[in-house]
Amino acid sequence: MRRSLEIIASGFRMAMQELWKNKLRTFLSLFGITIGIFCIIGVLATVNSLEHNIQNEIKSLGTNTIYIDKWDYTAGDGPDYPWWRYVKRPEPKYDEITQIKERTPSAKFVAFNIQANDNVVYKENSLSNVNLYGVSEEFPEIQPVDISFGRFITESEFDHGSPVMVIGNEVAEKLFTSPEIAIGKLMQVRGKKLEVIGVIKKQGQSMIGGWRFDESVMMPCKFARNIMFAQNSNPVILVQGKDNLRSVALKDDLRGSMRAIHKLSPTQDDNFALNDINDFSEAVSNIFVPLNTGGWIIAGISLLVGMFGVANIMFVTVRERTSQIGLKKAIGAKNRVILSEFLLESAFLCLIGGAMGLFLVFVLTKILSGLLHFPIFISTSNLTTAVSICLIVGVAAGIIPASQAARMDPVAAIRGK
């Protein structure tokens, strides 16, 4: 153990001496390692942070949740979307949530939602492009709604379709300046007056859209149906599975339930879509694979250049220390000790180059975090990857010169031959 520590200390000391003795040569040789680590860890940190942010936003749509709609969310978008397959399908109905609960024992919560986009008015102030949500009582169980001021809608208010609502933080700030003073005020939506009973906690910007609660108002579904025509208000049924139940099992149960509710024969195709949140998460993960691959390719080229630079340093170092190697072997140093010392020196040099690359990545994360709306971070796995790459490149770069040093004849080495 003591001997191993002495070899490690000797390798580190020789690496620092080489760096200090030939600063410019060493720096230029290590620059490839620095750029390689900067490329791969920079790409990994940025892509992983972006993916982490998007995955969290997807999870905010509901964990282990199926969206029952007539539209298939995974069928693509734009002009290639096969809308003709789905446009004649029946819309989800409020009355179906009771039947789903009865027919689907694997369902923990079932909620109904309709939505529209319109103006909301308070006295003389009007705010346009506000999301209007009409939700049933179990909606907050599936999609948590954090209230910063006031309270959420009660079960009694849901049952009676009371004219009450909770509003988003941005709506409250624009209409009332200060969100807390909105509580108890009467607002007008499509000619109907509703009392503000709560303000939703600020959510911030979302990359995937989502519910956008900051720019929304939420009311009981039974009241919302008085100001929205349900079948033209993008109705959707949300179903959350029981704890420890796979979404695939929930999806299978729901398919059977919905086919029975819609009275479909065995030969008829489904006239509904079961959109699994987990499918979106997997699709996002697949999108980021090519980005990570591109980062590895760019970094690989830089690391290859850096490896040849470090190998060049080690060849020169072995030549300069030929007499020292001969003396060590003459007094009993074994081949593996000489080999280990030069391999450790090579690895330490690469670690120094990697440390410079990580410093540049750290600076990059601070800059990008200030420009983007989500934090960029270097994860523990990124740091482990950087250290592993440096050690592997260091050993690969130093193995040939270290082997040459270990095989030297002590007498010839002392004579400098």
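Remarks
- Helical segments meeting 24 Å axial Cα length and Kyte-Doolittle -0.5 threshold in the chain (DSSP H): 2-21, 23-59, 277-320, 335-371, 380-406
- Potential extension, K366-T380 segment - 0.36 nm per residue separation minus Cα distance: 3.3 nm
- Cross-link check: pairs K70/K101; K88/K193; K59/K174; K101/K251 evaluated at a Cα-Cα cut-off of 23 Å; pairs beyond the cut-off: K88/K193; K59/K174.
- Lone cysteines, the chain (no partner Cβ under 4.7 Å): C39, C221
- Computed over every Cα-Cα pair of segment 192-319 and binned at 5 Å starting from 0, the pair-distance distribution P(r) comes out as 2, 6, 9, 10, 11, 13, 10, 8, 6, 5, 4, 4, 4, 3, 2, 2, 1, 0 percent.
- Compactness of segment 296-417 is given as radius of gyration and Dmax, 18.8, 66 Å, from Cα positions.
- Debye intensity ratio I(q)/I(0), log10, the chain, q values 0.07, 0.10 Å⁻¹ (C-alpha model): -0.56, -0.79
- The gain in end-to-end length when the A249 to R415 segment is fully stretched comes to 52.0 nm, 0.36 nm per residue minus the alpha carbon separation.
- Taking the chain as a Gaussian network of alpha-carbon nodes connected by springs under 10 Å, the highest mean-square fluctuation of the residues K201, K263, K222 belongs to K263.
- For segment 63-196, the Cα-based Rg and Dmax, in that order, read 17.6, 50 Å.
- Most mobile listed residue (N275, N64, N125) in the chain, GNM with C-alpha springs under 10 Å: N125
- Relative contact order of the chain, defined on C-alpha pairs under 8 angstrom at six or more residues apart (%): 28 percent
- Estimated from helical segments only, the mean residue ellipticity of the chain at 222 nm is -18500 deg cm²/dmol, where each DSSP H run of four or more residues counts as -39500 (n - 2.57).
- Gaussian network model of the chain, Cα within-10 Å springs - most flexible of G184, G354, G42: G184
- Nitroxide proxy distance, nm - points 7 Å out along Cα→Cβ at D159 and S388: 5.8 nm
- Calculated Rg and Dmax of segment 308-361 using C-alpha coordinates, Å: 13.8, 46
FYI, it's all coordinate maths here, none of it is from the lab. In this text, all values refer to a predicted model and were calculated from it rather than measured experimentally. All Cβ positions, glycine included, derive from the backbone under ideal geometry; neighbour counts span all protein chains shown.
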